Amino acid sequence: MMEVNSKICGYITKEWLNPWLKDGKSQTAFANAHNVEESTIRKIKGAKKYRIPVETLEKICEARNLKLSEFFKLINL
């Protein structure tokens, strides 16, 4: 079973951050648009395991007009 934090960070990176970057937007702009620090985005997409705080996930979801419960359904948790 995949670790929950890895699944969360992987989804954010693959489904939201990577398309954002492919559109020519910056990682800093992504962070600003999602009400978190750019260093947090680096941790989320980093190779090391990041234990994402619920508060951080909530900020990102709010910026995307998504409830936490809806997010967890997206990642099948």
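At a glance:
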{"item": "Sequence of LEU57, LEU21, LEU74 from largest to smallest accessible area, 1.4 Å probe", "result": "LEU74, LEU21, LEU57"}
{"item": "Selected from ALA33, ALA63, ALA47 as most flexible by GNM, with the chain as the system and alpha-carbon contacts under 10 Å", "result": "ALA47"}
{"item": "Using θ = phi - 60° and Karplus 6.51 cos²θ - 1.76 cosθ + 1.60, couplings along segment 55-70 (whole Hz; Gly, Pro as x)", "result": "4, 5, 4, 5, 4, 5, 5, 4, 5, 9, 6, 10, 7, 4, 4, 5"}
{"item": "Tally of Lys pairs whose C-alpha atoms are under 12 Å apart, taken over the chain, 8 or more apart or cross-chain", "result": "5"}
{"item": "Å² of accessible area per residue within segment 1-76, as computed with a 1.4 Å probe and no ligands counted", "result": "67"}
{"item": "Backbone HN-Hα couplings from phi across segment 37-43 [Karplus 6.51/-1.76/1.60, Hz, Gly and Pro as x]", "result": "6, 4, 4, 5, 5, 4, 5"}
{"item": "Extension reserve of the LYS14-GLU58 stretch, reckoned as 0.36 nm per residue once the Cα distance is removed", "result": "14.0 nm"}
{"item": "In Å, descending, principal axis extents of the Cα set of the chain", "result": "33, 28, 21"}
{"item": "GNM top mover of ASN35, ASN65, ASN18 - the chain, alpha-carbon springs below 10 Å", "result": "ASN65"}
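The values are calculated or read from the model by the stated rules, or taken from the named source; none is laboratory data. What you see is a predicted model, and the numbers here were worked out from it, not measured in a lab. Quick note on the areas: whole protein, heavy atoms, side chains included, nothing else; ligands and nucleic acids left out. Shrake-Rupley method; radii C 1.70, N 1.55, O 1.52, S 1.80 Å.
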